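Chemist: Let me give you the structure first, and then I'll get to my questions.
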Amino acid sequence: MESMVFKLHSGMNAPKKPLALYIHIPFCKAKCTYCDFYSIIGREDSIPDYMTSILAEIAHTSSSLDLSQHFIDTIFFGGGTPNLLAPNQLEKLLKTLLNLTSNGVNMEIGMELNPGEASLENLIAYRDAGINRISIGMQSFQPHLLKFMSRIHSAEKSISTFEDVRKAGFKNVSGDLIFAVPGQTRHQWISDLQRLIDLQPEHISTYSLTVEEGTALHRWVEAGHVEMLEETVDTGMYAWGREFLEAAGYPNYEISNHARPGYECRHNLNYWTGVEYLGFGPAAHSYFQKRRHWNIKNLDRYIALVKQTGLGEDNFEAIDKNMARNELILTRLRLARGLDLSEYSNQFGENLLTTKQEIFKKWTGKISVEGGHLRVTPAGWALTDEISSDLMSL
């Protein structure tokens, strides 16, 4: 979704800017081998203190920032495992967020969910609280791959959780899958995709398993206990999956994301199209008024810092013109619709077709210009990061 101007329920005619909100809930029952997001296990007894701190952080932001020219477009509860919050706790957070500023029409309010960790009763309560989009972290339907990734659910739990989400009344549901897992075959990958398609979700996310520093997977690879799949196999699985999902009615609107038309994830599209966002909770990031800041990546220190200052901020950076230029290239080329060359030229006074002629020649067949948009072609999607890097300015 483009950065659009919506008319608000208040009936005001003055244009307002969309705003995305993110809540980081760091609690987990188990730590996945590949996960480098900030999450902690065995700390559910700290949820009350977490709630006190995050509500205080939201209140401080409300009093310190002028949000009168914004409206809330999307909200996302991520983690960690958001469903470890009780419905009344999540509802309290949501009501507090909705009081920050005007609410947009048809807001998208989503949350992540782990299979087998939310009862039907709780799912109904989440829906009644205002959640209208659910993303289920299925990751695989293969028992040995789930075990390798330290996922504590089964394939059957993924399916029963999806069915419960539907019973609870959710009509916008996404399923996540991971490919290029050591030991995974092409047949298993296509089988996983087919089993998810059979459930008929509105949205499907597919992620290549990557080795991130500080994870168990990184330690295993460094020690020689695990060998990752070759890059050609990884890119092959990506291409197979993309084609398979396209043929099944799930167009690829972003590198890792497929959706039935009209069900693209608006929250993530807000990130990728430069909409301002505010993040709350430990390790959450914000981007507002050409300034990016991130919260401290430790629950106890976050709680102490909020108590002391009202904020959990660890550090920040000002977004200068060169950084803004590079980020525009990086984010827009992730999207199937690509980079609007006139938008780029208007912002930065540069005609990429002229200044980057040699780069365009280098990537012939991998990028194209159609309808005033620079796009990465299907042949180049697995190389999007390299293409973006070449087009950026140092």
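Chemist: I'd like to check something: does the range 36-44 contain any residue that is within 21 Å of ASN270 (Cβ to Cβ) and either modelled with pLDDT of 95 or more or out of contact with any Ser or Thr (no Cβ under 8 Å at 6 or more places or on another chain) (or both)?
Modeler: yes
Chemist: Exactly one condition in (1) in contact (Cβ under 8 Å) with a residue 40 or more places away in the chain; (2) more than 15 Å from TRP381 (Cα to Cα) is false for ASN346; which is it?
Modeler: All conditions are met except number (1).
Chemist: For SER150, which of the numbered conditions (1) at pLDDT 95 or above; (2) in contact with a Cys (Cβ under 9 Å, 6 or more places away or on another chain) fails to hold?
Modeler: Failing condition for SER150: (1).
Chemist: Scan the range 77-108 for residues that are among the polar types (S, T, N, Q) and either surrounded by fewer than 20 Cβ atoms within 10 Å (Cβ to Cβ) or in contact with a Pro (Cβ under 6 Å, 6 or more places away or on another chain) (or both) and jot them down.
Modeler: ASN88, GLN89, THR96, ASN99, SER102, ASN103, ASN106
Chemist: Would you check if there is a residue in the range 241-259 being without any contact (Cβ under 8 Å) to a residue 24 or more places away in the chain, among the acidic types (Asp, Glu) and farther than 30 Å from ASP66 by Cβ?
Modeler: Yes: one or more hits.
Chemist: Among the residues of the range 185-196, are any assigned by TED's automatic domain parsing to the domain that holds TYR22, crowded, with 20+ Cβ neighbours inside 10 Å and closer than 23 Å to GLU44 by Cα?
Modeler: No, there is no match, as no residue in the range 185-196 is assigned by TED's automatic domain parsing to the domain that holds TYR22, crowded, with 20+ Cβ neighbours inside 10 Å and closer than 23 Å to GLU44 by Cα.
Chemist: Pull up the range 243-258, narrow it to residues that are small (Gly, Ala, Ser) and part of a loop (DSSP other than H, G, I, E, B), then point me to the one that is farthest from ARG337 (Cα to Cα).
Modeler: Step by step, filter the range 243-258, then rank; the result is ALA248.
Chemist: What number of residues in the range 285-307 are in a loop (DSSP other than H, G, I, E, B) and either under 18 Å from the mean Cα position of the chain (by Cα) or not β-branched (Val, Ile, Thr) (or both)?
Modeler: 4
Chemist: A further question follows. How about the range 109-168: which of its residues are surrounded by fewer than 18 Cβ atoms within 10 Å (Cβ to Cβ), within 17 Å of GLN184 (Cβ to Cβ) and free of Cβ contacts under 8 Å to residues at least 12 places away in the same chain?
Modeler: LYS147
Chemist: Quick one: ARG375 ticks every box in (1) free of Cβ contacts under 8 Å to residues at least 24 places away in the same chain; (2) out of contact with any helix residue (DSSP H, G or I) (no Cβ under 7 Å at 6 or more places or on another chain); (3) of a type in the set (D, E, K, R) bar one, so which box is it?
Modeler: (1)
Chemist: Considering PRO261, PRO282, which residue is buried (at least 22 other Cβ atoms within 10 Å of the Cβ) and either assigned to a loop (DSSP other than H, G, I, E, B) or in the same structural domain as SER150 (by TED's automatic domain parsing) (or both)?
Modeler: Within the list PRO261, PRO282, the selection yields PRO282.
Chemist: Sticking with this structure for a sec: Step by step: first the residues of the range 337-369, then only those that are outside any strand (DSSP E or B) and acidic (Asp, Glu), then the one that is surrounded by the most Cβ atoms within 10 Å (Cβ to Cβ). Which residue is that?
Modeler: The extreme case among them is GLU343.
Chemist: Within the range 303-356, take every residue that is aromatic (Phe, Trp, Tyr) and in contact with a Leu (Cβ under 9 Å, 6 or more places away or on another chain) and give me the one that is farthest from GLU386 (Cα to Cα).
Modeler: It comes out as PHE348.
Chemist: If you don't mind, there's one more thing I want to ask. Looking only at the range 58-88, how many residues end up being in contact with a Ser or Thr (Cβ under 7 Å, 6 or more places away or on another chain), in a strand (DSSP E or B) and within 23 Å of GLN289 (Cα to Cα)?
Modeler: Number satisfying all stated conditions: 3.
Chemist: Are any of the residues in the range 296-312 among the small types (Gly, Ala, Ser), surrounded by fewer than 13 Cβ atoms within 10 Å (Cβ to Cβ), outside the structural domain of THR52 (by TED's automatic domain parsing) and on the phi > 0 side of the Ramachandran plot?
Modeler: no
Chemist: In the range 313-357, which residues are among the aromatic types (Phe, Trp, Tyr) and either in the same structural domain as PRO378 (by TED's automatic domain parsing) or in contact with a Ser or Thr (Cβ under 8 Å, 6 or more places away or on another chain) (or both)?
Modeler: Result: TYR344, PHE348.
Chemist: Can you tell me which residue in the range 199-231 is nearest to ASN172 (Cα to Cα), limited to those that are assigned to a strand (DSSP E or B) and out of contact with any helix residue (DSSP H, G or I) (no Cβ under 8 Å at 6 or more places or on another chain)?
Modeler: If we take residues in the range 199-231 being assigned to a strand (DSSP E or B) and out of contact with any helix residue (DSSP H, G or I) (no Cβ under 8 Å at 6 or more places or on another chain), then HIS203 is nearest to ASN172 (Cα to Cα).
The values are calculated or read from the model by the stated rules, or taken from the named source; none is laboratory data. Quick caveat, the model's predicted, so the values are computed rather than measured. With ideal geometry, Cβ positions are generated from the backbone for all residues, glycine too; neighbour counts draw on all protein chains shown.
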